[in-house]
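Undergrad: Got a structure for you, written out below as structure tokens; questions coming shortly.
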Amino acid sequence: MRESVLEVRNLQVEFPGDGNIVKALDGISFELRRGETLGIVGESGSGKSVTALAVMGLLQTPGIISNGEIWFRPQENANPIDLVKLLPQEMQLHRGGDIAMIFQEPMSSLNPVYNIGFQLTEAIMRHQNVSAAQAKQIAIAGLQEVKLLPSDEEIQQQYTDWHQTNNNSSKPNTSNLAQLVREHKEAMLERYPHQLSGGQLQRVMIAMAISCNPLILIADEPTTALDVTVQATILELLRELQQSREMAMIFITHDLGLISEISDQVAVMYKGKVVESGVCQQIFSNPQHPYTKGLIACRPTLESHPQKLLTVSDYMSAEETVTGQVVIQAKEPVQPAQVTSQEIATRLANLHQKQPLLEIRNLKVGFPVRGVFGGTKRYTMAVNGVSFDVKPGETVGLVGESGCGKTTLGRTLLRLIEPMSGQIIFEKQDITSLKGEPLQKLRREMQIVFQNPFSSLDPRMKVGEAVMEPLLIHSVGKTKQQRRERVAELLERVGLNADAMNRYPHQFSGGQRQRICIARSLALNPKFIICDESVSALDVSVQAQVLNLLKELQQDFQLTYIFISHDLSVVKFMSDRILVMNRGQIVEEGTAESIYQEPKEEYTQKLIAAIPTGSPERVRNRQLRAS
């Protein structure tokens, strides 16, 4: 058995709250061995990130480690060090060098005013006794290792191929090639964070983390905001780096499906405690704790089609005692009925007979690229000749990677972005040229639920005011009391108490905020709603609750949805038909079942293959590949 590199014993972290002490971590213990990956999984607020920050010595005041030990063994057969007892200057010798961390949001972790070369070399020079030139070479090697930069040979080949294609002559000489390779590397180092995509930024963070050859790499939700395909690439990269460097890794996420793709051991956290731990395959094939069972069950799968998703509350109830202890009661869930193939066929046939509510004809949307003197040099086509129909009461799923044009298309349908050409026909009326009062009236019929519930609500407005705002703009309700009654009714319909209208957005969780955004979108009784990545920022358990809510509301109010997501399993659960979008065009269209069962396009097949299912079979296959 490999030697332990990190051992956490009875760790307790406290934060002072409204007159009392909040235990963010309540006596957790786990062990990490060399070359092993420990997955820590749980919902937001379970203590996952606090665990990582405690190990890194990055807890912010007023948070304190009130009890416990964190034993770190920097070298094999050496005496372990208790990181809790180290002075700040002593901890700096290990943080970033021996123990590195990849943070959840790379855009906020990198400084926007410095290029990535400066930020990479700064970290290297701080922990290694090297010159600036040597640090630059280490940074370049790191970017090549995380495959953000091609190897020298690949760069040379690219320039050779380009030279022969454009000049029809022999290969460029060696000195010219060497100069081109240097310039290519320098160009990457001189780029700023805003010039890179989310996946590229995460690779920069990984390169920075591994630049000093750490013994332990902590990855805190490193793929949460990424597409499933980019997510799969990052997971594969982390596996390769771990095996080649024999690093130990702690991988933190709220998604058990992701944990199955990368972890050897799993620790499941709930309200500051580790409620279950063990070998990854054992946890997935035979979970013991009701919380673990709930997390596994609440993620939609491609193989089944339930009428609703199970949630954690179907498996357990939790009550807090006067002393602050959480008492968990296990429940036997009632398995939801499956939607039969006959029911699906009947629904699709009924939808097919209806006249379209929305018709899109050859829609094109482009963004201008300015030239040297400010004029428009060319257009980048975000939506390029898209056509489709949406029937009343139907849910059309729109799936694809970031940058494929999904969000641009959704916003153009609501006239939040102006199209270059094409038609948007809503209820037999071409709305592409509407302006003024007619366009404002159209807003009552068409609404949108945005991706991020944190930025969708004004932090200075009470929730009641935010939901009431559309009623005021469109003069709905004769008196303030009538409008307040409407707001209370909407909040209760999405599962919130009417008292919530007197509170501010920061007093709610992410899932509750998204419910508030849904309530606001329903205020004017719309016929058509666009859900733009409306569950991608939520925990899988909260995601299941919101998806169930959206389905219930559709039945109750006969709503029509366009459901935008990069996650095909979520889209399949919600949708009647699916449109697969790539580079501004619809590349495949079909029923939800046919897209999954018989995908025709290689791009669609890649999206399906990248979905982390968390099935025991996938876990076993991954472990066989690793061995």
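The values are calculated or read from the model by the stated rules, or taken from the named source; none is laboratory data. Model, not experiment: these values are computed from the prediction. Every residue, glycine among them, receives a Cβ derived from its backbone with ideal geometry; neighbour counts consider all protein chains shown. Note: accessible area is taken over every heavy atom of the protein model, side chains too, but ligands, DNA and RNA are not part of it. Shrake-Rupley method; radii C 1.70, N 1.55, O 1.52, S 1.80 Å.
Undergrad: Give me the residue from the range 277-301 that is among the aliphatic types (A, V, I, L, M) and assigned to a helix (DSSP H, G or I) and, out of that set, farthest from the chain's Cα centre (by Cα). Even if it seems obvious, please write down each step before you answer.
TA: Here is the first cut: in the range 277-301, the ones among the aliphatic types (A, V, I, L, M) are 279, 283, 295-297.
Filter once more, so that each one left must be assigned to a helix (DSSP H, G or I): 283, 295-297.
Details: Ile283: 23, Leu295: 17, Ile296: 18, Ala297: 19 Å.
Across the range 277-301, the extreme among qualifying residues is Ile283.
Undergrad: Is it true that Ala52 is in contact with a helix residue (DSSP H, G or I) (Cβ under 6 Å, 6 or more places away or on another chain), small (Gly, Ala, Ser) and surrounded by 18 or more Cβ atoms within 10 Å (Cβ to Cβ)?
TA: Values: in contact with a helix residue (DSSP H, G or I) (Cβ under 6 Å, 6 or more places away or on another chain): no; small (Gly, Ala, Ser): yes; surrounded by 18 or more Cβ atoms within 10 Å (Cβ to Cβ): yes.
Considered against the rule, which asks whether it is in contact with a helix residue (DSSP H, G or I) (Cβ under 6 Å, 6 or more places away or on another chain), small (Gly, Ala, Ser) and surrounded by 18 or more Cβ atoms within 10 Å (Cβ to Cβ), Ala52 comes out as no.
Undergrad: What is the one condition in (1) in contact (Cβ under 8 Å) with a residue 40 or more places away in the chain; (2) open to solvent by 10 Å² or more (accessible area, probe 1.4 Å) that Ala544 does not satisfy?
TA: Evaluating Ala544 over (1) in contact (Cβ under 8 Å) with a residue 40 or more places away in the chain; (2) open to solvent by 10 Å² or more (accessible area, probe 1.4 Å) leaves (2) as the failure.
Undergrad: Being of a type outside the set (A, V, I, L, M) and within 33 Å of the chain's Cα centre (by Cα) is the filter here, so list the residues in the range 418-435 that pass it. Talk me through it step by step, then tell me what you get.
TA: Here is the first cut: in the range 418-435, the residues of a type outside the set (A, V, I, L, M) are 418-419, 421-423, 426-430, 432-433, 435.
Listed by number, the residues that qualify are Glu418, Pro419, Ser421, Gly422, Gln423, Phe426, Thr432.
Undergrad: Going by what's in this entry, would Ser521 be described as over 21 Å from Gly45 (Cβ atoms) and among the hydroxyl-bearing types (Ser, Thr, Tyr)? Lay out the reasoning, then the answer.
TA: Numbers: over 21 Å from Gly45 (Cβ atoms): yes; among the hydroxyl-bearing types (Ser, Thr, Tyr): yes.
Taking the combined requirement at face value, the residue satisfies it.
For every residue, the table says whether it meets (1) in a helix (DSSP H, G or I); (2) closer than 24 Å to Ala544 by Cα.
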{"site": "Glu465", "(1), (2)": "yes, no"}
{"site": "Pro470", "(1), (2)": "yes, no"}
{"site": "Gly495", "(1), (2)": "no, yes"}
{"site": "Ile518", "(1), (2)": "yes, yes"}
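Undergrad: Of the residues Thr301, Thr323, Thr346, which is open to solvent by 40 Å² or more (accessible area, probe 1.4 Å), more than 30 Å from Pro419 (Cβ to Cβ), of a type in the set (Ser, Thr, Tyr) and touching a residue at least 40 places away in the same chain (Cβ under 8 Å)? Step through it out loud before you land on a result.
TA: On the way: Thr323 fails: touching a residue at least 40 places away in the same chain (Cβ under 8 Å); Thr346 fails: touching a residue at least 40 places away in the same chain (Cβ under 8 Å).
Unique residue meeting the criteria: Thr301.
Undergrad: Checking the structure you have, find out if any residue of the range 294-312 is modelled with pLDDT of 90 or more, polar (S, T, N, Q) and closer than 26 Å to Val339 by Cα.
TA: Yes - at least one qualifying residue is present in the range 294-312.
Undergrad: Which of the following residues is assigned to a loop (DSSP other than H, G, I, E, B) and either out of contact with any helix residue (DSSP H, G or I) (no Cβ under 8 Å at 6 or more places or on another chain) or closer than 21 Å to Ser313 by Cα (or both): Leu524, Leu491, Leu550, Leu538? Steps first, answer last, please.
TA: On the way: Leu524 fails: either out of contact with any helix residue (DSSP H, G or I) (no Cβ under 8 Å at 6 or more places or on another chain) or closer than 21 Å to Ser313 by Cα (or both); Leu491 fails: assigned to a loop (DSSP other than H, G, I, E, B); Leu550 fails: assigned to a loop (DSSP other than H, G, I, E, B).
Just a single option satisfies the conditions, and that option is Leu538.
Undergrad: Just one of the numbered conditions (1) modelled with pLDDT under 90; (2) acidic (Asp, Glu); (3) within 24 Å of Glu221 (Cα to Cα) is not true of Glu31; which one?
TA: (1) is the only condition that Glu31 fails.
Undergrad: Every residue in the range 38-61 that is in a loop (DSSP other than H, G, I, E, B) and over 21 Å from the mean Cα position of the chain (by Cα), please.
TA: Gly57, Leu58, Leu59, Gln60, Thr61
Undergrad: Among the residues of the range 326-343, count how many are exposed (fewer than 11 other Cβ atoms within 10 Å of the Cβ) and either in a helix (DSSP H, G or I) or of a type outside the set (A, V, I, L, M, F, W, C) (or both). Quick ask: steps written out before the conclusion?
TA: Here is the first cut: in the range 326-343, the residues exposed (fewer than 11 other Cβ atoms within 10 Å of the Cβ) are 327, 329, 332, 334-335, 337, 340-342.
Next, from what is left, pick out any that are either in a helix (DSSP H, G or I) or of a type outside the set (A, V, I, L, M, F, W, C) (or both): 329, 332, 335, 340-342.
The total comes to 6.
Undergrad: Hey, could you check the range 36-46 for residues that are open to solvent by less than 20 Å² (accessible area, probe 1.4 Å) and in contact with a helix residue (DSSP H, G or I) (Cβ under 7 Å, 6 or more places away or on another chain) and say which is farthest from Pro62 (Cα to Cα)?
TA: Going through the qualifying residues, I end up with Thr37.
Undergrad: Additional query: For Ile578, all conditions in the list (1) in contact with a Gly (Cβ under 7 Å, 6 or more places away or on another chain); (2) under 26 Å from Glu343 (Cα atoms); (3) open to solvent by 10 Å² or more (accessible area, probe 1.4 Å) hold save one; what is the number of the exception?
TA: Single failed check for Ile578: (3).
Undergrad: While we're here: Count, please, the residues in the range 480-534 that happen to be open to solvent by 50 Å² or more (accessible area, probe 1.4 Å) and aliphatic (A, V, I, L, M).
TA: Narrowing the range 480-534 to residues open to solvent by 50 Å² or more (accessible area, probe 1.4 Å): 480-482, 484-485, 489, 492-493, 495, 497, 499, 502-504, 506-507, 509, 512, 520, 525, 527.
Applying the additional criterion that residues be aliphatic (A, V, I, L, M) yields none.
Within the range 480-534, residues that are open to solvent by 50 Å² or more (accessible area, probe 1.4 Å) and aliphatic (A, V, I, L, M) number 0.
Undergrad: Considering each residue of the range 571-608, count those that are touching a helix residue (DSSP H, G or I) at 6+ places or on another chain (Cβ under 7 Å), hydrophobic (A, V, I, L, M, F, W, C), part of a helix (DSSP H, G or I) and within 9 Å of Gly397 (Cα to Cα), and give that number.
TA: 2
Undergrad: For the range 354-388, how many residues meet the condition of being modelled with pLDDT of 95 or more and loosely packed, with under 11 Cβ neighbours inside 10 Å?
TA: Within the range 354-388, residues that are modelled with pLDDT of 95 or more and loosely packed, with under 11 Cβ neighbours inside 10 Å number 1.
Undergrad: Also: Please find, within the range 62-101, the residue that is most open to solvent (accessible area, probe 1.4 Å) out of those that are in a strand (DSSP E or B) and among the acidic types (Asp, Glu). Step through it out loud before you land on a result.
TA: Looking only at the range 62-101, we keep the residues that are in a strand (DSSP E or B), and these are 64-72, 81-82, 95, 99-101.
From the residues that got through so far, the ones that are among the acidic types (Asp, Glu) too are 69, 82.
Values: Glu69: 61, Asp82: 13 Å².
Filtering the range 62-101 for residues that are in a strand (DSSP E or B) and among the acidic types (Asp, Glu), the one most open to solvent (accessible area, probe 1.4 Å) comes out as Glu69.
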